[in-house]
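Report on the structure given below.
Just so it is clear, none of the values below were taken in a lab; they were calculated from the coordinates. Predicted model only: the values in this text are computed from it and were never measured. Counting neighbours? That spans all protein chains shown, and the Cβs are built from the backbone with ideal geometry, glycine included.
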Amino acid sequence: MRTLNRYILFDYLVLFLTALGLITFVMTIGTMVKAIDLMARGISPVLIVKFFFQNIPYILSFSMPISALFAALLLFGRLSMDNEISAMKACGLSLWRVVAPLIVLSIFLSAVCAYINCEVAPRAKHANKVLLRSAGVEEPINLIEEGRFIKDFPGLLIYVGRKNGNTVKDVVAYQLDQKGQVTQSIRAKRGEIDPDNENKILRVRLYDGVLENRNLDNPHDVSATTYAPIPFKYIQLPPLDFNKMLKDDKVRRKRGSMEMGMLIDQIRNVDRYFPLLSKAERASWKSRLVIEANRRVAIAIGCFTFMLIGIPLGVKSHRKETSIGMVMSLAIVFAYYIFIVLAEALADYPGLHPNLILWIPMIGMQFFGVWMIRRSS
């Protein structure tokens, strides 16, 4: 049995490492394009190399599960095509006994991937943010970070719930007096940010919102807040000078660059971190944090899940061709990750528990994989 275990493990690891190298290389194309752009701006080659390699952990968090699936499909497709699976069964070995070493290996790969997703990748992502800021090539639009209050603009405190390019959603802006007290607040469903690189300013336009005017005699009395009689359709904030922010070497962590401990701390203490947000806005932000934490773990467990589903599908395919394995891998991965997109799209509806949606394909594929292996045995 040791000889058989070594034979299976060796062949699988060769396929896995080959697939990991190829898939990781393909996924680094976007990073290469960014690196070329930095080179064109005159950035030091040493910093460019550092920027490139600090993107690898994030890419590995996706390429490892895909490679685990691809290698399982190819290996067991070949074993089935060469009748080696039939020969093993004729010797009294069940498929469970044959694949047992790979199941253990997949659990180990999931643990490694979880560590990368929860600790290494967030740190590397934050390090790249610091690197770009220190090199002076940070895009001005990136200075407006989602999920935190920005206090760097004089007389203004601004919060953005979500950001996609130049479009922002769930915006809260507080106008402050010289003592730092809130005189007026603006809540808008969406907005647009246009950077003016020549003048070092950001122009912010907000749509579909409400003005809240505080009682100047007692600005801390929430009950004295008065609302504009008609919600505004459009309003433009004063130009925001971002020159000071570019020179600031203190880079705060975004949701995606927080280590797991930081994420859990914010989830538990969301009221303390965001006291100025409404209850609904805090619930929405907490939902996004919970989804992010669940997403990292769910993707890591994908190594184990994809192994369970890839083994029986490889046996049934009876194919050697890598093209067949690649097509099946892409189809399974697409079905798996579409639930991640769906969960993030429902982040503003915490009552639906969108974080649980992430586990539907994982649990479903695991049960299906176990059932298929039992049938093949």
Net lengthening on full extension, PHE53/PHE25 (0.36 nm per residue, minus Cα-Cα): 8.9 nm
Estimated distance in nm for a label pair at ALA331 and LYS34, the labels positioned 7 Å out from Cα along Cα-to-Cβ: 3.3 nm
Potential lengthening between GLU259 and VAL130 on full extension [0.36 nm per residue; Cα-Cα distance subtracted]: 44.9 nm
Candidates per trypsin sites (Lys or Arg not before Pro) in the stretch 1-106, loop by DSSP, up to 14 other Cβ within 10 Å: ARG41
Karplus-derived HN-Hα couplings along the stretch 355-367 (A = 6.51, B = -1.76, C = 1.60, θ = phi - 60°), whole Hz, x at Gly and Pro: 5, 6, 4, 4, 8, 4, x, 5, 5, x, 5, 5, 4
Length added when fully stretched, TRP359-LEU342, from 0.36 nm per residue minus Cα-Cα: 4.9 nm
Cα gyration tensor, the stretch 18-59 - rounded (a/c under 1.5), prolate or oblate: prolate
